[in-house]
Structure formats: C-alpha cells, structure tokens
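Below is one structure, written out as structure tokens, with a few remarks after it.
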C-alpha cells in the first residue's frame, strides 16, 4: 500500500471508528474529541491528495466544481435544505474519481460557511459532503459511467440518481450522529430516536433536492466534462502498468492512479527511452522529441526502414505553428476543425524541429490525438512525442494493451494504458505544403468533411 492510499484509508475509517468509541465509552468530552477526530480525517485526506503531486489541470476542475457548489448553496439559502452541493459532489466523484468527489464536497462546505458561519459543525459538514462525493465514484463505476470508463456520461444513470436521493439521508445520518454523541450524556436510545425523527423532514427535502439537481445537471455536465478530460488529458482511473528495467522484461500487475502511470512513463521518456501508450487509433510507441536525439530507437524496436519519417503527436493546436513553417491558413482551419482527432497534417518543418526528425522534403507530420492517455503523456513530458504504431513492421497494430507483443515490450521502458480497445482506424494524412491540401492516406476524417470545413472558413483549398 502506498503512502497516499494509507492516508486515504485512515481518512475514511477514522471518523466512524471515533464516533463508535465515543458512544461506547460514554466519554464526557465526546464533542471535543470527535471534532479532533474529524479534523484529523480531513487533514489525512488532503495530505493523501497532495502526496500524489497533482498537476494544475487536475486541480482546476475540483476548484471550479467546489466553487459552483458553494455558490449554489448560498443562492438557494432561502429554501431550507434545498441545495445542489451533494449533486455537484456526485458529479465530481463520477467524473474525476473518488478523491475529487471528496474534495469538492469538503471544499464546498468550507467555502460556503464563510457566508453561513463557521463553527464546530464545519468539519462534520466537510466530511459528510466529502463522503457523498467519494461514494459516487464507486456507484458510477458499477453502473458503467465511472471516471475511467468508456461511457463518459453514457452509462446507466438511474443508480446515481437513487444514490443521490439516499445521500441526503446519509448526510443527515452523520450530522445527527455527531449531535447525539457530542451533546447528549448519557447516550440513550430514546434520545437517538428523537433526534433522527426530528430531522426526517429536513433530510427528506435534502434527498429530494439532490435527486432533482442530479436529473437537471448530471447528463449535460458529464458530456461537457468528458470533452474537457479528452482535450486536456485529465483522468482518474485505476490501471495496470508494465515496466521494464535494466534490460529485463518485468511485468508488475499493480493498481495505480492513471496519473502515477503517466508520470512513470513520462520520466522514462525524459530519459530518452521509448514508451508504449494508447492513442485514439491504436497503441503507439513513442520517444520524446526533446530528449531522444533521433527516432532510431523506434526504428530498431519496430524493425522499420529508417528512411521513413516518424509522425509527431502534439498536445495543442499551438504546436502546429511552432513546429510548422509557412503553415497555410487552410491547415490551421483543419486543425481547429478536427483536432484533437484522427487527422495528420504534413507541413514544412520549422527550425524548432530537430534535423533527425525532419522528413523527406523538409516536412514534419503533426497530429493531436483525441485520447486522454496520449495527451497526458505528451503534456507530462513537456513536448511532442514522435510516435508510430506499437508493432513489429508488417504486423497488425495493437488495439488493446494486451496485444502489444513481447518483442516490442522488451524494447521499451514502460507500457501503460487501460483495458479499452482503440478504434484501430488509421488517421487521415493530408499534405499541406501546397496551395491546396492533398490526401496522402484516407482514414478517420473524410476528404469531404475537410473540404466542407475549409469552404466554411471562406478559404479556397
């Protein structure tokens, strides 16, 4: 178990255990003790998140969603217990994983209480709303709509709506139990029943409002979030990672966060080594264009003719102008229309392209993949990846991580990815060095669609 995982386990388990001990022992200072326990829990959870060294692009969605949840709570303050906080925490947990769900719920409670008033209840609200978001990740994964799944909003949603309704009572259960344990001495069954009975109308309103906000927000927000995740390489899933060390093929079948897998692959790439990772079309084998002096390692592993240039996978549309020279306006239009996606643009190489990577006629082939893994690797390395399909020349390119052959694996420093099959369809390659584009290879983007995009921009190409 990693340090981060251990801290997370402590954060989740310590609060119910602490309350149980206080209740069983009849501690007079249970209110103060439970306050300390829940504060320790929150500190452990935040420390667990920080230990994973999240990137800015991983933290920004948490900040935005927590802000929206806090603002929503303030906006609906005139209506008791009718608030969107739980719903937004559930969206966060389903979209970005259990840690994000917890943090959104916890931060929303903390921030909104600067308006409603801070007190001994604040840590308990942070924990209760945090656990609502935390649990949502597991429900979403079970119904095929989890952060690392294929659905990205297309799985079964009714279990999440049901979970949202139940979470209203779950939130109330935690806050009510704190009230009983902290402020009633001795603890009696009658007092417990009285507190929970008095809270039922409020918890019911909270439950109904959570379900209502989920029905309104979940589907459209998940679609937008899925797009953001793909474009910026944000992910939170569990994945196996294969590593090779010191020339010996070694497979470690362990669970780790996608971010950790990507970080390990990026470290290897920055050392000039080759890595295998998924793209939106097939699994690719790539080297960092800033850290590998030549693409020779790819040629060697694939047993490929060194005379054929290796295309680059880039992380943003800005890279077209950085690595391309005298880029035609129609090429920029095509990039805006079809990137990220299955379109490779061949342009004249700028001085920023190392000579070893320049193709015949002084060109470079660029593509921005529509895959969160590929984009995450590129952005973690900090530069484009010269990438070819992860197969021996004349063999079938792999659509699944398990299809990457042993010979390829033995030559790379890391092989990462999830269990989702890639499309297997090649990208369209367009020569953009002339007055009009010319299709070199038909693929995922049709020539008709490309010409429509160019015409719509008022360009004759």
Residues (buried (at least 22 other Cβ atoms within 10 Å of the Cβ) and either modelled with pLDDT under 95 or closer than 20 Å to residue 296 by Cβ (or both)) located in segment 378-387 | 381, 384, 385, 386, 387
Of all helices (runs of 4 or more DSSP H) completely enclosed by segment 315-407, which ones contain at least 3 residues that are over 25 Å from the mean Cα position of the chain (by Cα) and farther than 24 Å from residue 261 by Cβ?
-> 318-323, 329-338
Determine which member of the set 371, 418 is touching a strand residue (DSSP E or B) at 6+ places or on another chain (Cβ under 8 Å), modelled with pLDDT under 90, assigned by TED's automatic domain parsing to the domain that holds residue 344 and more than 23 Å from residue 304 (Cα to Cα).
-> 418
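To keep it simple, each residue is scored yes or no on (1) under 20 Å from residue 212 (Cβ atoms); (2) modelled with pLDDT of 90 or more.
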site: 86; (1), (2): yes, yes
site: 90; (1), (2): yes, yes
site: 117; (1), (2): no, no
site: 122; (1), (2): no, no
site: 126; (1), (2): no, no
site: 134; (1), (2): no, yes
site: 138; (1), (2): no, no
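The values are calculated or read from the model by the stated rules, or taken from the named source; none is laboratory data. This structure is a prediction, so every number in the text was calculated from the model and none was measured. Note that each Cβ is placed from the backbone with ideal geometry, even for glycine, and that neighbours are counted across all protein chains shown.
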